[in-house]
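Structure first, commentary second.
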Amino acid sequence: MLKQSLQLKLSQKLSPQQIQLMKLIQLPTLAFEQRLKEELIENPALESGKENEVETLDDFGDNYNEDFNEYDSEHINADDINIDEYLSNDETPDYKLQANNYSKDDDEYEIPVIAVESFHQDLLNQLNTFILSEQDRAIAEFLVGSIDDMGYLRRDTLDIVDDLAFTQGIYTDEQTVERILTLVQELEPIGVGARDLQECLLLQLRQKTRTQAIELATEIVESQFDAFSKKHYEKLLTKFDCSKEALRNAIDEIEKLNPKPGGAYSGNTKIIEHIVPDFSIKIVDGKLELGLNGRNAPELHVSKDYQEMLQTYKDTNSATSSQKEAVQFIKQKLDGAKWFIDAIKQRQETLFYTMSAIMDYQEEYFYTGDETKLKPMILKDIADMINLDISTISRVANSKYVETPYGTKLIKNFFSEGMLNDQGEEVSTIEIKKILENLIRDEDKKKPYPDDKIAQLMKEKGYPIARRTIAKYREQLDIPVARMRKKI
């Protein structure tokens with residue numbers, strides 16, 4: 001038998017405006033500028049630039065928890081709209097957004113666009129300088145098209161022969177493909193068209209002026225490449241009956257070679273993201289000074305034209321249905337413009353106060369630039385300092401950068417867990433990684449430290465860390481194992 005029951009449940013949900021605010025806070029400077037442009041296009045009641053009489057906001061308010069009024073366009077009654085509220089100038093400063101506490105780097109710099117040929121097009125252009133038969137040229141062009149972005153031909157010759165027959169209608173054999181491939185491997189940059197790293201290095205070595213070091217390097221790559229890649233130097237010394245100096249010179253020649261010939265081509269490089277710092281920290285008269293990038297503080301105001309439209313409606317004795325619909329539209333746009341301006345103001349406040357708290361917490365680092373001075377800091381530490389939610393701090397730190405006297409840094413990299421040293425003091429894992437990195441940098445490369453030796457040395461320095469933790473940190477720092485760090 002079915003029974004009915006009544007259950008009370010209390011839940012908290014974010015309004016659509018609050019969700020949009022969180023999204024605005026998460027945006028870095030360039031993405032925020034794009035979002036601002038979109039809003040200016042979509043909402044004609046929102047305008048940028050200064051009005052005739054500009055009043056500035058000299059201080060940030062304390063409106064962290066101020067809720068936004070929800071708006072439902074389907075339940076607007078034009079007769080209930082208080083037009084005087086929209087025409088009042090008493091709260092004009094709230095509808096403008098200009099702060100005087102950000103840096104003066106307001107100039108917008110455009111990234112130059114360079115027109116370049118693609119990597120494969122450049123190879124085809126070089127191929128046109130060869131005198132080839134029609135079929136050989138078609139095979140050569142197919143081989144060029146099969147080369148990957150790093151410059152390698154990672155396909156078996158037999159597979160290429162089959163593909164030529166099925167896709168190009170060209171019937172040939174492996175010997176012919178090998179012969180044409182030899183021509184392709186003469187193209188610049190040297191090493192292109194190689195089928196593996198060993199062949200790539202050999203192609204480059206064979207183009208160099210013959211010296212004793214180059215000849216030994218060629219023999220090593222050609223006949224003892226596995227021993228070389230695993231750094232079995234004793235085996236190489238025995239095999240070639242040479243001195244350590246001769247072997248060192250040969251290895252130096254090999255290390256000068258380009259293992260990715262295609263990657264060095266300027267037209268084939270990936271687009272590098274243009275980083276615009278969201279904050280700047282400077283040392284002025286011995287004190288830290290925080291600035292918010294001016295591009296995060298645009299000048300916005302509500303359109304006067306829309307206010308005049310409402311004034312016209314107010315002065316009308318009788319309103320038609322079409323006029324009421326117009327008022328509803330105007331109110332919707334005005335509400336949207338006011339909300340967006342308030343949201344940007346709260347975004348500014350949140351960004352500035354969060355970064356200010358981080359700067360105060362890591363004050364010693366920002367004065368010295370010494371990464372070993374970074375304190376253990378988690379999101380909750382900053383959230384407790386400024387009474388914000390941890391998720392909000394995460395949004396601020398995740399994708400934003402700060403320009404410091406020591407370079408431009410990703411804010412989230414200032415956060416780290418803590419560990420206890422032998423004196424019972426909590427130290428940052430960043431500090432431990434930096435000491436580990438310095439220890440490996442200064443080691444004798446002829447006898448690099450294994451992980452257990454590093455753990456012992458770190459313990460002597462006052463950092464009792466397990467060997468497996470050393471291995472984890474070493475991998476995070478992209479440092480190879482001891483055998484791969486060994487030099488002759």
Completion exercise
Rounded to the nearest 10 Å², the accessible area of T312 using a 1.4 Å probe with every protein chain kept is 90
Problem - Too-long pairs where the Cα-Cα distance tops 28 Å, listed order kept, from K239/K472; K380/K409; K256/K375 - result: K239/K472; K256/K375
Exercise for the section: Give me the accessible area of R35, 1.4 Å probe, in Å² rounded to the nearest 10. Expected result: 50
Completion exercise
Counting only protein heavy atoms with a 1.4 Å probe and every protein chain in place, the carbon and sulfur fraction of the accessible surface of the range 373-472 in whole percent equals 45
Completion exercise
The answer for the range 330-463, accessible area per residue at 1.4 Å probe in Å², is 45
Exercise for the section: Would you mind computing, in nm to one decimal, how far apart the modelled labels at A227 and D381 are, each placed 7 Å from Cα along Cα→Cβ? Expected result: 5.2
Handout entry: Accessible area, probe 1.4 Å, largest first, for residues Y306, Y353
Key = Y353, Y306
Practice task
Using the 2.2 N^0.38 Å rule of thumb for compact globular proteins, work out how the range 276-384 stacks up: its C-alpha Rg over that value, please.
Solution key: 1.76
Completion exercise
Ranking T469, T238 from most to least accessible area with a 1.4 Å probe gives T238, T469
Practice task
Calculate, in nm to one decimal, what D241 and L132 gain on full extension: separation in residues at 0.36 nm each, minus their alpha carbon distance.
Solution key: 34.7 nm
Handout entry: Heavy-atom accessible area ranking, 1.4 Å probe, most first, across V481, V302
Key = V481, V302
Fill in the blank from the handout: Using a 1.4 Å probe on heavy atoms of the protein chains only, the accessible area for H301 in Å², nearest 10, reads 10
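The values are calculated or read from the model by the stated rules, or taken from the named source; none is laboratory data. This structure is a prediction, so every number in the text was calculated from the model and none was measured. Backbone-built Cβ (ideal geometry, glycine too); neighbour counts: all protein chains shown. Each accessible area value is taken on the protein alone, full model and side chains, heavy atoms only, with ligands, DNA and RNA left out. Shrake-Rupley method; radii C 1.70, N 1.55, O 1.52, S 1.80 Å.
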